[in-house]
Structures are given as C-alpha cells and as structure tokens.
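Quick notes on the structure that follows.
The values are calculated or read from the model by the stated rules, or taken from the named source; none is laboratory data. These numbers come from a predicted model, not from an experiment. For neighbour counting, all protein chains shown are included, and Cβ atoms are generated from backbone atoms with ideal geometry for every residue, glycine included.
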Amino acid sequence: MTVGTLGGVELVPEPEPGSTSGTAMPEQAVEIAVSTIAGAWNDDDEGLCQRAAGAALRGRAATCTELSLVLADDATVRRLNHEYRGKDSATNVLSFPPAFDDETLLGDVVLAEETVRREAVEQGKARADHATHLVVHGCLHLLGYDHEDDEEARRMEALEVEILATLGVADPYQEVEFQADGGQVGAIGGEHG
C-alpha cells in the first residue's frame, strides 16, 4: 500500500516495532527543501540530498511535513557549532530540531562541504556516498536516534547501513585495510558527528 511520496519516492508504511500485523499509521508526504548557501557543492548534490533524506524518513516521519537541508561550508558550520553546541570547530553534519513547538517541521540538517570532502578522501569513499550517509545520519538524529552510548550507537548505525543499502551505498562503518603500496582493499570505517 502506497501512502504518498517523499522526495519523489513512493512511501510504503513500515510495521511498528514489535507489531505482527504488518501495518503502520500512514504518514504525510514530507517536503524536503534543499538550500545551498556556501561551499563548493555541485548541481547534483541537491537531488542526492533529497533522495538520502527521503530514504531516511520513509516510514519514520510521523506527522512532520517539512525538512530543511542546508548545504554550507566549514565556516558556517563552525559558527553554528560554536553558537549552539559550544564547540569552536567545524563538523561534518549538524541537526537542529525546531526551535519552537511545531508538529509539521522536522528540523534542519546542515552539512559542511570542505569537511565532507576531506573525510571522504581520508576514508577512501566517494564524496557523494559520504554526503548521502551524513544526510541519513542527520535525519535520524531529528527522528530521535542518537549514539551517546554503545547500544544507541549500534542501533543507529545498523539503521543507517540498512537505509544506505537501499540507495546502493556501502556500509560506511566497514573496516578494511590499506595495501603497502597505498592501494585500498575496501572502505575505511567512518565516524559520525
């Protein structure tokens, strides 16, 4: 049963955890607005981010109908990280729930282009795959997932891997080795912000 579209993707409700009926409450379509405000993002990045957010929210967005994705640079994310988290450094992704009680707004996810690009190179990943992972990660934070303790981290990482697989993105946490000649055997495990 399709209940609508999300980022151009048909929504099929997932069963509630522990449910044996296989039915879930239908959700509304979520409008995903992508704004590029700074950084060397390219024309394909907006669509990539919409698809990633759509996959992350599918079956999980409850009554929220709006999500904002902001493609920024390190300077912007560093300022936000300092202002809202007291950390004077850039990070790869920040998630901001609504500042006021609004059941329609899920929140904002902000990515730092230079950090995303640098981490992708360091981890031997395609920049698009790393950005996709970070959008999924940020959306899951807005849905209440976290990684403050080992159990929460395992649960969140497993869900990220499952969502990324639907997008054709390899497990970002998979650990592999580098060859002596600098060649890559696989992908380096990732970290999240």
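Things to note:
- The lone exception for VAL161 - which of (1) surrounded by 14 or more Cβ atoms within 10 Å (Cβ to Cβ); (2) in contact with a strand residue (DSSP E or B) (Cβ under 8 Å, 6 or more places away or on another chain); (3) within 28 Å of ASN42 (Cβ to Cβ) it fails: (2)
- Within the range 36-53, residues that are farther than 25 Å from THR166 by Cα sit with their Cβ atoms under 7 Å from residues that are among the hydroxyl-bearing types (Ser, Thr, Tyr) and not in a loop (DSSP other than H, G, I, E, B), at 6+ positions apart or across chains, in these pairs: ILE37/THR76; ALA38/THR76.
- Hits in the range 97-156 - residues which are buried (at least 18 other Cβ atoms within 10 Å of the Cβ), in a loop (DSSP other than H, G, I, E, B) and hydroxyl-bearing (Ser, Thr, Tyr): TYR145
- Count - residues of the range 75-91 that are part of a loop (DSSP other than H, G, I, E, B) and either surrounded by fewer than 16 Cβ atoms within 10 Å (Cβ to Cβ) or basic (Lys, Arg) (or both): 4
- Which listed residue, of ALA131, ALA120, is in contact with a Cys (Cβ under 8 Å, 6 or more places away or on another chain) and either modelled with pLDDT of 95 or more or closer than 18 Å to GLU175 by Cα (or both): ALA131
- Among (1) outside any helix (DSSP H, G or I); (2) more than 23 Å from ALA170 (Cβ to Cβ); (3) not aliphatic (A, V, I, L, M), the one test that TRP41 misses: (2)
- Within the range 150-174, residues that are small (Gly, Ala, Ser) sit with their Cβ atoms under 8 Å from residues that are surrounded by 15 or more Cβ atoms within 10 Å (Cβ to Cβ) and in a helix (DSSP H, G or I), at 6+ positions apart or across chains, in these pairs: ALA170/ASP129; ALA170/LEU164.
- Once the range 59-74 is narrowed to residues that are farther than 14 Å from THR36 by Cα and outside any loop (DSSP other than H, G, I, E, B), the residue that is modelled with the lowest pLDDT is GLU66.
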